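Data block below; observations after.
The values are calculated or read from the model by the stated rules, or taken from the named source; none is laboratory data. As the structure is a prediction and not an experimental result, all values here were calculated from the model. A quick note on method: Cβ atoms are made from the backbone with ideal geometry, for glycine too, and the neighbour counts reach across all protein chains shown. Just the protein is used for accessible areas: all its heavy atoms, side chains included, with ligands, DNA and RNA removed. Shrake-Rupley method; radii C 1.70, N 1.55, O 1.52, S 1.80 Å.
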Amino acid sequence: MLGVVNKAIENFVITVHGGALWQQVLRSIGEPGLQFEPMLMYEDAKTYDIITALAQALGKPQIDLLDDLGTFLVTPPHGGAVRRLLRFCGVSFDDFLLSLDDLNDRVDMALPDLDLPQITVLPQTMDRIHVRVVPKWTGFAYVLQGLLRAMADDYGTLVFLDMRRDMLDVDCIEVILIDHNFSSGFEFSMAEGA
């Protein structure tokens, strides 16, 4: 797994739970003082070990922890850059959802070694969309679910999200659009700090 993933987890833990917990997690996986380099590759098992150790340290289910991570990745101020990149995908939450089909190609252009799990958008009805996530990274669908929840808030859209298995037995996030104009959402500018 590309180190940028581990750096994102490290940033999440330190920002939300403190540096002491991060060091505790590293000690528990037998890697005290480990420093990840964003552009280097690491064994996937190391990332999964970190998630397992973190969930145990917090006494929290891994799926909830991964959902929180997804929310963190796009919530300002720490997730401002990712949020801005995602907001370019559409002027409404519906547009954003439908553009997720192109996310893998866009990520590949910027970080070809990341090898993000394939995301496919499957519209069901006018207010119901399924977002299928190929199970390349264990738990990634829950990270995406947290990200989608935060982005819905960002656009001011009220949604209901439910994790399912589709007919191919693949993780699928069911997105039910309840109110497109639930709130005014958050201001967005193409330029940071504008």
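Miscellaneous remarks
- In the set (1) free of Cβ contacts under 8 Å to residues at least 24 places away in the same chain; (2) charged (D, E, K, R); (3) in contact with a helix residue (DSSP H, G or I) (Cβ under 8 Å, 6 or more places away or on another chain), the condition left unmet by residue 68 is number (1).
- Looking only at residues of the range 64-84 that are of a type in the set (A, V, I, L, M, F, W, C) and in contact with a Gly (Cβ under 7 Å, 6 or more places away or on another chain), we find that the one that is nearest to residue 103 (Cα to Cα) is 73.
- Here residue 26 passes the criteria (1) open to solvent by 20 Å² or more (accessible area, probe 1.4 Å); (2) more than 28 Å from residue 173 (Cα to Cα) except the one numbered (1).
- Sole exception among (1) modelled with pLDDT under 95; (2) surrounded by fewer than 16 Cβ atoms within 10 Å (Cβ to Cβ) for residue 73, by number: (2)
- Residues being acidic (Asp, Glu) and assigned to a loop (DSSP other than H, G, I, E, B) - total across the range 28-53: 3
- The range 117-165, residues that are buried (at least 16 other Cβ atoms within 10 Å of the Cβ) and among the acidic types (Asp, Glu): 153, 154
- In the range 91-106, the qualifying residues are those that are of a type in the set (A, V, I, L, M, F, W, C) and open to solvent by 30 Å² or more (accessible area, probe 1.4 Å), and the one that is nearest to the chain's Cα centre (by Cα) is 98.
- Residue under evaluation residue 63, criteria (1) among the β-branched types (Val, Ile, Thr); (2) over 19 Å from residue 78 (Cβ atoms); (3) open to solvent by less than 40 Å² (accessible area, probe 1.4 Å), criterion not met: (3)
- In the range 29-51, the residues that are out of contact with any helix residue (DSSP H, G or I) (no Cβ under 7 Å at 6 or more places or on another chain) and either under 20 Å from residue 16 (Cβ atoms) or crowded, with 18+ Cβ neighbours inside 10 Å (or both): 35, 48, 49
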